[in-house]
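Read through the structure below, which is laid out as structure tokens, and then see the notes.
The values are calculated or read from the model by the stated rules, or taken from the named source; none is laboratory data. Because the structure is a prediction, the values reported are computed rather than measured. All Cβ positions, even for glycine, are placed from backbone atoms using ideal geometry, and neighbour counts span all protein chains on display.
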Amino acid sequence: MPGHDPSDFPPPFEIEPYARSFDEIAIPAPRRKFRDRIWLHVLLFVLTAFTTTSMGGLHYVGFAADFSAPVAVPPLGTLLLNGVWYSGTILLILGAHELGHYFACRYYQVDASLPFFIPAWGVLTGTFGAFIRIREPIASKRMVFDIGIAGPIAGFLFAVPALFVGVAMSRIAVLPPDFGGLELGEPLLFRGVSWLVWGSIPEGVSLNLHPVGFAAWFGLLATALNLFPIGQLDGGHIAYAVLGPRSTFLTLGMVLVTIGLTLFASLSWAAWTVLLLVMLFMFGPRHPPTLDEDQPLDGTRRWLALFALIVFLLCFTLNPIQPTEILRGG
């Protein structure tokens, strides 16, 4: 998810004070600053690899138990191997997403950082995701659109095959009546892949998701969250490129939707809603303007925006995470 820091926005161009022709003003020499603290990016990546590998090993313990208790802890080598499977999958999807943004920025010579991975010890996923920083204004809606959509498409292209592999590595197991745990919401794409691999799952049993499948599920969720058409999220960039200033109304409307999801669908939306409200407070609801704000986007990119909407619908779920007791009404 690319983010902007207003304090890092220098003027995008340096213009000679006494230009000798119109062309010298219309096409000034750009000032670019590609500066990265490589050690910090590497350190965060290594820490995130450690936290996701550790969490992947714990997920495998639950997977090996087949919903039963007490849990027999597998050998350390097995835990490490399956932890690496999980970590590699989730880092691949998140990394592809952010590198999609990064290489789009490099293509347009927009000053952007390398990806920052965020380790999260003790959190279900082992990571809070990743992001890049865009350190200068973006000149045109075409550039905003291409940079915004590059990440979700790249991540999605890796998440889909990972989902097939992860679901195939999973297995069907009997769900005990007194089982207590977490139920993952199933996006449309997840349901479709599950049906293709396992067919219709009968009552009384459930899909015991392999850690690779969980990593792919999180990749779908991360894609959906980033495609929310709000502010400076990827979906907000796409909406602004298509709608121009009118995208501000869509941003405000979608924030109300997330509040409604928190109150009436699932409390698991609460953290996301708070994050969006903080983002709106810091940056405002209006997308940073481009020089061609009133110009319509070309037809090809409008079709790509429709594709992004379809990806969002395929990856979205009303109830991302629910305790099984709530689902049973207990």
Which condition from (1) at pLDDT 95 or above; (2) in a helix (DSSP H, G or I) is the one that Ala271 breaks?
(1)
Does any residue of segment 248-259 turn out to be in contact (Cβ under 8 Å) with a residue 12 or more places away in the chain, more than 28 Å from Trp85 (Cα to Cα) and buried (at least 23 other Cβ atoms within 10 Å of the Cβ)?
yes
Looking at (1) among the β-branched types (Val, Ile, Thr); (2) buried (at least 16 other Cβ atoms within 10 Å of the Cβ); (3) farther than 30 Å from Ala64 by Cβ; (4) modelled with pLDDT of 95 or more, which is the only condition Thr290 fails?
(4)
Taking the condition in contact with a Lys or Arg (Cβ under 6 Å, 6 or more places away or on another chain) and either surrounded by 12 or more Cβ atoms within 10 Å (Cβ to Cβ) or part of a helix (DSSP H, G or I) (or both), does Ala241 pass?
yes
With the structure loaded, tell me whether Pro323 is of a type outside the set (D, E, K, R) and touching a residue at least 60 places away in the same chain (Cβ under 8 Å) or whether it fails that test.
yes
Scan Phe164, Phe190, Phe156 and give me the residue that is in contact (Cβ under 8 Å) with a residue 12 or more places away in the chain, assigned to a helix (DSSP H, G or I), of a type outside the set (D, E, K, R) and surrounded by fewer than 19 Cβ atoms within 10 Å (Cβ to Cβ).
Phe164
I'm checking my understanding of the structure. Among residues of segment 66-124 that are without any contact (Cβ under 8 Å) to a residue 24 or more places away in the chain and touching a Gly at 6+ places or on another chain (Cβ under 8 Å), which one is nearest to Met55 (Cα to Cα)?
Leu79
Those residues of segment 12-60 which are surrounded by 14 or more Cβ atoms within 10 Å (Cβ to Cβ), at pLDDT 50 or above and not hydroxyl-bearing (Ser, Thr, Tyr) amount to His41, Leu44, Phe45, Leu47, Ala49, Phe50, Met55, Gly56, Gly57, Leu58, His59
